[in-house]
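Let me begin by presenting the structure, written as C-alpha cells, before commenting on it.
The values are calculated or read from the model by the stated rules, or taken from the named source; none is laboratory data. Just so it is clear, the structure is predicted and the values come from calculations on it, not from any experiment. Glycine also receives a Cβ, built like all others from the backbone with ideal geometry; neighbour counts cover every protein chain displayed. Note: areas computed on protein heavy atoms with side chains; ligands, DNA, RNA excluded. Shrake-Rupley method; radii C 1.70, N 1.55, O 1.52, S 1.80 Å.
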Amino acid sequence: MRGILVIAGKDLRNLFMSPLFYGIAGLCALAWTLVYFLGLEDFARASAMSAMQGGQEGASIHFVVFARHISLVNLVMIFAVSAMSIRLFTEEKRGQTMPLLLTSPVTSTEITLGKFLAGLVGAWALVGVSFLYPLSIRVFAEFDWGPLIASYIGLLLITGCYVAIGMFASCLTESSVLSVVMSLIFNVLLWFIGAMSDASQEPTMAKVFEHLNVGSHFVGFIKGGISMASVIFFLSVMGLMAFLTQRVVESNRWR
Amino acid sequence: MATPVDMIEVSGLTKSYGPIHALHGISFRVKKGEVVGFLGPNGAGKSTTMKIITGSMAPSGGTAKVAGFDVFEDPVEVKKRIGYLPENPPVYGDMNVESYLAFVAKLKGVSGERVRSQVEKAIEKTDLGSVRRRLIQNLSKGYRQRVGIAQALVSDPEVLILDEPTSGLDPRQVAEVRSLIRELRGEHTIILSTHILPEVQAMCERIIIVNRGRIVAEDSLDGLTNRMAGSLEVKLKVARPSAAVETALRAVAGVATVLKTDGGYSVNIQGTGGEAAIEQVAEAAVGARAGLLELRKEAVDLEDIFLKLTTSEENQVPGGVA
C-alpha cells in the first residue's frame, strides 16, 4: 500500500509540475470550448423555435449541449490519455529508472497499481476541467443534475479504461511513438469490438459482442442510467489491463 | 547474529540470453562489512551478476542469498537491505535532488519521520549540498553519478551494490568517491564493479576477477600478488646492446624471454630463482661487456595479474583467437 502511494505521489507530482499536463489541458479546453459554443448556439435556436411554436416541451439542454460535449470529451480523452500514459512506463524505461523501481522493496502489483492510480488521477483531472463547462451553465439556468452526473460517472469509468489500456501499451515498449500509437489503436479497437456483433452469424457470439459494446454501455450513462452491468464491464476492462501490465512488469525480472 | 555471517551468498549462477551464455556458474561469498571488488573486462558478466543479486533479473540457474534471504523467494526482504547503483544512475531529470532522494527513501521504506534526516545524511556524504534544489536534468554527469550514489545510500542499507561507481567523474571526484567508500567500509557490506584497476587497489579488501562469465581468480590483493611471484620482470639499460649480450642473457638459467627495448632489454624470469636469478642476469650483462647502466625489477601490479588471467582464459576457449 505504501509503495502504491509513494509511486503514485511521485508520478502525480511530476505530472502536475510539468508543462505537459497544462499543454494537454489547454489544447483540450480549446477543442471543447469551440464545440461547446456551437452546441449552445444550437440550443438557443432550438429553444427559440419551440417557444415560437408554443410547445410545452422545450429542447433538452442535456441532449443538445451536454451530450455532445461529453462525447467530444470522450473522443479527446482517447488521444490525451494515450499521450499522457507514455509517462507511466515508457518514460521510466527510457530514463533507465526502471531498475530503481524493480530493486526497491515494492512488488510488481504495487508498481502497477501506483502507476494506474497516477494515470487515473491525471486523466480525471482533465475530465474535471471538462466538467467546468456544464457547471458554468448552472450560473445562468437550472437544469436536472441526474443525467449529467450519470454521464460523468460513465466518462470517469471510460477514461479509466483508456488509462489502463494506455498503461499496458506503455509497459510494452521503450519507444514513445510506438507507445502512443499502440495505445490509440487499442483504445479504438475497444470501441470496435462491439461492432463485431453485426458481423457475427452465430447468435451466441453476437450476444457476447453486444455485451462488449463500449458504445452502448456509454450511451446508457449519457441517457442518465447507471446500469450495474456497464459499471462491471468498465471495471473488468480496467482490471484485465492492470493484470496484463502487472504480468509484463513482473516479467522484467524473469527475462 | 554475533558471529560474522555471509552477507551475500551466491552459488552456481548461470544466465543465458538465448544462445549467448553470459554467466557460467558464478559462486562466491561476501562477509558482513567486507568490500569486494568485482573486476573484469567489459562484457565479462559483472553487471549481470549484480542485477541478479539485486533481484532485477532472474538467473537461468543457481541461487543468490542476501542476509540469508533468497533473492527470488523473499525479494522484498532482500530489497529492503540493498542499495543499488546501476550502470546508469536511475534519476528523474524533472525532479530536484532533494525531492528525488526523499522519493527514493520513501520507496525504500524509510519511515516518514526519518526521511528528512536520511536525505540530509546522503546529501552530506556525497557532497551535493550546493545543488540540492537544482533539477537533476541540469546537472553534469559527475553530479548525476553522485546523486546515483546518494540514492543507493539514502535508505542506509546493509548491502551496497555499486556498478562502476566512479564512471563519469573527474579525478578529484573519483578520489572523493573512493574515500567515501572507504568510510562506508565496516558499517556496510559493499560489492563494487569496475574495469579500472587502481580503483580496486584503492578500495577493496578482496578482489573477484571475472572473465567471460566465469570467476578466474578470487583472493585478497596481497594473495593475488603473491600468486604471481613465480614470475619476474627485469628491465636492463645498457650502453652497448649487441647480439652477444642478448645471447648471454638468454643463457642464464630461468630466463624465459629476452625482449629488446629502447636502449636495453626486458628479461622475463620464470621459476623460483628469484633474486639469485636477478644477480645472474646482472653478471651475464657485465660479463658480456654490455656496459650495464641500470637494472630494475618491475613490480608486478594488478594490471599484469589481470591481463594475465583474462588473456590466458581466452586462450582456453576452443577455436578462440589467441
Quiz prompt | Heavy atoms of residue B:56 accessible to a 1.4 Å probe, total area in Å² rounded to 10 | solution = 20
Quiz item: Averaged over B:86-95, how many beta carbons belonging to a partner chain fall within 10 Å of each residue's beta carbon?
Solution: 6
Quiz item: How many nm is it between the label spots at residue B:73 and residue B:175, if each spot is 7 Å from the Cα in line with the beta carbon?
Solution: 4.8
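Share of antiparallel DSSP beta bridges in the stretch B:6-226, in percent to the nearest 5?
Within the stretch B:6-226, antiparallel bridges account for around 55 percent of the total.
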Self-check item: Inter-site label distance for residue B:219 and residue B:137 at 7 Å from Cα along Cβ, in nm
Solution: 5.1
Quiz prompt | Listed residues A:80, B:171, B:204: farthest to the positive end of the dipole of the protein assembly as shown (Cβ charges) | solution = B:171
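What dipole magnitude, in Debye to the nearest 20, does chain A give about its Cα centre under +1 on Lys/Arg Cβ and -1 on Asp/Glu Cβ? Don't jump to the answer; show the numbers that get you there.
Details: 15 positive and 14 negative charges, 152 e Å.
About 740 debye.
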Quiz prompt | Ellipticity estimate at 222 nm from DSSP helix runs (n ≥ 4, -39,500 (n - 2.57)) divided over the protein assembly as shown, nearest 500 | solution = -18000 deg cm²/dmol
Exercise. Quickly work out the residue A:254-to-residue B:251 label distance, labels modelled 7 Å from Cα along the C-beta direction, and quote it in nm with one decimal.
Key: 7.3
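Work out the FRET efficiency for residue B:244 and residue B:117 from their Cβ-Cβ distance, taking R0 = 60 Å, and round it to the nearest 0.05. The partial results should precede the final answer.
Values: r = 75 Å, r/R0 = 1.25.
Here the calculated transfer efficiency is 0.20.
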Quiz item: How long is the gain from residue A:191 to residue A:96 if the chain were fully straight, where each residue apart is worth 0.36 nm and the alpha carbon distance is subtracted?
Solution: 30.8 nm
Quiz item: Suppose R0 equals 56 Å; then what is the FRET efficiency for residue B:279 and residue B:24 from their Cβ-Cβ distance, rounded to the nearest 0.05?
Solution: 0.80
Quiz item: For a label point 7 angstrom out from the Cα of residue A:240 toward its Cβ, which stretches of the stretch A:145-161 have the backbone nitrogen within less than 14 Å?
Solution: A:161
Quiz item: Got a sec to turn the phi values of the stretch B:172-183 into Karplus ³J(HN,Hα) couplings, 6.51 cos²θ - 1.76 cosθ + 1.60 with θ = phi - 60°, whole Hz, x for Gly and Pro?
Solution: 5, 5, 4, 4, 5, 5, 4, 6, 4, 5, 5, 5
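Using a simple charge model, +1 on the beta-carbon of Lys and Arg, -1 on the beta-carbon of Asp and Glu, nothing else, what dipole does the protein assembly as shown show about its Cα centre, in debye to the nearest 20?
So the dipole magnitude of the protein assembly as shown works out to roughly 400 debye.
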Quiz prompt | Only Lys, Arg (+1) and Asp, Glu (-1) charged, at Cβ; the stretch B:58-101 dipole about Cα centre in debye | solution = 140
Self-check item: Shielding by partners - mean other protein chain Cβ count within 10 Å, residues of B:64-75
Solution: 1
Practice problem: Let me have the relative contact order for the stretch B:6-226, percent, based on Cα pairs under 8 Å that are six or more residues apart. | Solution: 29
Practice problem: Select from chain A the helices, each a whole stretch of DSSP H, whose alpha-carbon atoms run 18 Å or more along the helix axis and whose Kyte-Doolittle mean is at least 0.5; answer none if there are none. | Solution: A:2-16, A:19-52, A:67-84, A:108-137, A:145-172, A:176-193, A:228-251
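Across peptide B:101-110, how many C-beta atoms of other chains are within 10 Å of each residue C-beta, on average? Write out the running numbers ahead of the final one.
Details: counts 0, 2, 7, 4, 1, 8, 14, 7, 6, 0.
Mean shielding count: 5.
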